[in-house]
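A short reminder: the numbers here are calculations on the coordinates, not readings from a lab. Remember, predicted model here, so these are calculated numbers, not experimental data. Note that each Cβ is placed from the backbone with ideal geometry, even for glycine, and that neighbours are counted across all protein chains shown.
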């Protein structure tokens, strides 16, 4: 497979996910209109779709069923989008720009933003639990629901956000910062990989461990690169407000390690991610390329 | 069974649900402390537990497994509590008092209230999907997840709240008001009944229809009585701010039908609920008593 292949694959997955999200979201002409419009406004037509790409790349390891992959990819993206919508609200990060567009509470209002996030979370569980049991055995599907709930909840994303809130103005150690990000972004990246793989078949303990090692490296790399970009890129490139972490006095890898050591760490994590995939051979090519993309991205 | 029985049964269920919620919520001494403390603050030690009572009463129809009942009762209560926490926030109803205590955004802060709600929703799905598959077959458990997600999302509770928001200042017809409440509160009451019954066994189509007729009558009665109480009781009795609907210019049964016709409607719905339960005989006694409780409550 060549770099050309990868970029075509990425675009094809993004298009398939866009189509699936369009199907799984309530239509805009159904009551309540404003809620459904706002759900579609914030979910469709944007985003790098990193989590869906991870799900599809992990699905490729075990030739996963396309319908099931479309479901799990849509579900993890819905959870991610809901977290952005709530995170951008005035009582959290108070951000006006996301994916190059006004955030939901700016384009609509705060109450709508709150409900959009709440509804997207419920919808994600409905989508995961809605697969055809002829294709996906109920026991495995139930495992997916449980993993998604754990990744989204207090032992995952929400817990990480709470630690993040509690850390504003504090000087965290590198270990504390890492723990926060493992929960805040790492848990959802990990579950994207796991759900994609489970869309193929049940996992052996060793396979689970290899995927967890990959996810841990990629998850951390993702955050380190985010911090580097926040410190170096401009808002137009990012599609969100740049330099916010420093302005908000939030601890980042750049503030703890410095810029160049952060870049070196990201590169080391990229190599760790590749190494973790060794047992899967050629079938892990897309996961390798995604690790490269995550570290080398410019936005 | 006598009235004495019912009141003892109610207290026993409430105690069992309190214990189950305590088990299913993250411990307060686990990081992030504030999030977990706030989740426990708002979920434990209060509330009428109407949804858990409905689940247990429906479970009694089919001699449901107690462990499974504790799970589904906790899950529906977590969804209900999360909706209260978000509903009370300044961008929604801006309410300072709930179940006789300061609301979460008052006792903690808005960001914590947002995260408490988000986390409770995820936790609810984790709890429902976490039953022992030896007791509860995965296919039925998956049906429960799907029903809960539908009841919580845009075709249920969240959709109803969005219609409610869109209706402020408008004069709704009785049909529009009814539709709003079917979604806003009715969907979660219905799913409480269904999940309790499913904790016992799969339902035949006729049983499902009977339970739906019961739930529809009880759900509507619940809202009519809420409106009557909002117009007639004081805040100390309600444990929340009384007279808010009129102050917020929200359409209610009392504003559309008048006070006495609203009371008569509630009584008619109570009789409808009893009638729907005829096929179940004596085993439906608790569901009948709950319909009576819902209509005759003073808070």
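Some notes on this structure:
- Across q = 0.21, 0.24 Å⁻¹, region A:163-211 modelled as identical point scatterers on its alpha-carbon atoms has Debye log10 I(q)/I(0) values of -0.75, -0.85, in the order of the q list.
- Gap separating the Cα centres of region B:35-75 and region A:105-145, nearest whole Å: 22
- Ranked list, fewest to most other Cβ atoms within 10 Å of each Cβ, for A:259, A:203: A:259, A:203
- Across chain B, the relative contact order, built from alpha-carbon pairs under 8 Å that are at least six residues apart, equals 21 percent.
- Förster radius 56 Å - calculated FRET efficiency between residue A:267 and residue B:233, Cβ distance, rounded to 0.05: 0.30
- Peptide A:103-111 - average C-beta neighbours from other chains (10 Å radius): 2
- Distances between copies at residue B:279, taken between label points 7 Å from Cα along the C-beta direction, are 5.1 nm in increasing order.
- Other protein chain Cβ atoms within 10 Å, averaged over every residue that makes up A:137-144: 5
- Label 7 Å beyond Cα on the Cβ vector: residue A:63 copy-to-copy distances, nm: 4.7
- Cut-off 14 Å (backbone N to label point 7 Å along Cα→Cβ of residue A:12), residues of region A:283-299: A:286
- Chain A comes nearest to the axis taking it onto chain B at the Cβ of one residue; that residue and its distance, in whole Å, are A:138, 2.
- Computed over chain B, the per-residue total of -39500 (n - 2.57) for DSSP H runs of n ≥ 4 gives a 222 nm mean residue ellipticity of -21500 deg cm²/dmol, rounded to 500.
- Shielding by partners, peptide B:157-168 (average Cβ within 10 angstrom, other chains): 6
- Taken over region B:67-174, the ratio of Cα radius of gyration to 2.2 N^0.38 Å equals 1.23.
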